[in-house]
1. Do you know which of the residues in the range 46-60 that are farther than 25 Å from residue 156 by Cα and out of contact with any helix residue (DSSP H, G or I) (no Cβ under 8 Å at 6 or more places or on another chain) is farthest from ligand 2 (Cβ to nearest atom)?
2. Name the residues in the range 51-77 that are buried (at least 20 other Cβ atoms within 10 Å of the Cβ) and in contact (Cβ under 8 Å) with a residue 40 or more places away in the chain, would you?
3. Is it the case that the range 95-105 has a residue that's in contact (Cβ under 8 Å) with a residue 24 or more places away in the chain and either within 16 Å of ligand 2 (Cβ to nearest atom) or within 23 Å of residue 3 (Cβ to Cβ) (or both)?
4. Only one of these conditions is not met by residue 117: (1) within 12 Å of ligand 1 (Cβ to nearest atom); (2) within 17 Å of the chain's Cα centre (by Cα). Which number is it?
5. If only one of 18, 38, 64 is touching a strand residue (DSSP E or B) at 6+ places or on another chain (Cβ under 6 Å) and either over 28 Å from residue 177 (Cβ atoms) or away from ligand 2 (no atom under 16 Å from the Cβ) (or both), which one is it?
6. Quick check, is residue 122 touching a helix residue (DSSP H, G or I) at 6+ places or on another chain (Cβ under 7 Å), part of a helix (DSSP H, G or I) and modelled with pLDDT of 95 or more?
7. Quick one: which residue in 81, 123, 90 is within 16 Å of ligand 2 (Cβ to nearest atom), in contact (Cβ under 8 Å) with a residue 24 or more places away in the chain and within 15 Å of residue 45 (Cα to Cα)?
Ligand code: CTP
Ligand code: CA
């Protein structure tokens with residue numbers, strides 16, 4: 001089995017010394033990569049800037065990128081050959097419209113930045129998905145979680161979407177534990193307990209393999 005996985009944040013440059021980013025650490029995506037590899041899959045891990053070490057695993061090929069555009073290019077190149085796509089990255093929705101060649105100097109009391117929309121990696125690849133390919137997305141919502149997650153699943157052509165809880169202490173960005181709910185297109189919902197990200201990864205990989213009715 002070949003798995004393509006995006007993980008971590010993206011950094012969108014503003015000038016030579018600054019960027020717009022987010023608090024994603026990449027822990028959940030890296031844990032899923034490790035679990036798929038442990039079960040025998042070949043993994044292409046496309047990672048945004050993360051403090052985590054590149055996995056020391058012969059079954060995981062890691063490509064490090066910075067921006068959403070670079071992540072898209074790497075994902076596009078690997079998508080066709082992969083049986084499973086897992087979009088765990090926290091991709092910046094917008095980037096600065098202009099990247100200044102020189103450091104922006106402090107001047108007025110306010111500064112307005114113009115941002116432009118980034119490519120939606122999951123949605124764009126979702127439109128090219130073949131019937132035998134399987135796509136898994138992630139969502140982090142603060143209101144109407146299930147409705148929003150279901151909408152994303154449909155818009156982006158996911159087979160499953162993993163909803164991260166922000167309500168539970170110990171879940172989400174930076175933590176070593178996570179609590180997830182998984183939805184499918186038929187409206188089936190699976191709730192998991194708060195557990196280590198390694199154990200969440202095991203649950204998710206088991207669920208994906210069960211859906212595909214095969215081993216890794
Ligand atoms: N995603 C992506 N490319 C983007 C934005 C999101 O591949 N430019 C993927 C994420 O990796 C995740 C899923 O789409 O698997 C949902 O991401 P999310 O940020 O929750 O959804 P958005 O469509 O960006 O909506 P919003 O941020 O407004 O909730
Ligand atoms: Ca987003």
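The values are calculated or read from the model by the stated rules, or taken from the named source; none is laboratory data. Please read all numbers here as calculations on a predicted model, not as lab measurements. A quick note on method: Cβ atoms are made from the backbone with ideal geometry, for glycine too, and the neighbour counts reach across all protein chains shown.
1. Restricting to residues being farther than 25 Å from residue 156 by Cα and out of contact with any helix residue (DSSP H, G or I) (no Cβ under 8 Å at 6 or more places or on another chain), the top hit is 58.
2. Within the range 51-77, 65, 67, 68, 71, 72, 75 meet the criteria.
3. Yes: the range 95-105 contains one or more residues that are in contact (Cβ under 8 Å) with a residue 24 or more places away in the chain and either within 16 Å of ligand 2 (Cβ to nearest atom) or within 23 Å of residue 3 (Cβ to Cβ) (or both).
4. (2)
5. On the way: 18 fails: touching a strand residue (DSSP E or B) at 6+ places or on another chain (Cβ under 6 Å); 38 fails: touching a strand residue (DSSP E or B) at 6+ places or on another chain (Cβ under 6 Å).
After applying the criteria, what remains is 64.
6. On the way: touching a helix residue (DSSP H, G or I) at 6+ places or on another chain (Cβ under 7 Å): yes; part of a helix (DSSP H, G or I): yes; modelled with pLDDT of 95 or more: yes.
Yes.
7. On the way: 81 fails: within 16 Å of ligand 2 (Cβ to nearest atom); 123 fails: within 15 Å of residue 45 (Cα to Cα).
That would be 90, the only listed residue that is within 16 Å of ligand 2 (Cβ to nearest atom), in contact (Cβ under 8 Å) with a residue 24 or more places away in the chain and within 15 Å of residue 45 (Cα to Cα).
Results for (1) crowded, with 16+ Cβ neighbours inside 10 Å; (2) touching a helix residue (DSSP H, G or I) at 6+ places or on another chain (Cβ under 9 Å); (3) touching a residue at least 24 places away in the same chain (Cβ under 8 Å); (4) in a helix (DSSP H, G or I), shown as yes or no for each residue.
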position: 131; (1), (2), (3), (4): no, no, no, no
position: 137; (1), (2), (3), (4): yes, yes, yes, no
position: 146; (1), (2), (3), (4): no, no, yes, yes
position: 153; (1), (2), (3), (4): yes, no, yes, yes
position: 162; (1), (2), (3), (4): yes, yes, yes, no
position: 181; (1), (2), (3), (4): yes, yes, yes, no
position: 202; (1), (2), (3), (4): yes, yes, yes, yes
position: 215; (1), (2), (3), (4): no, yes, yes, no
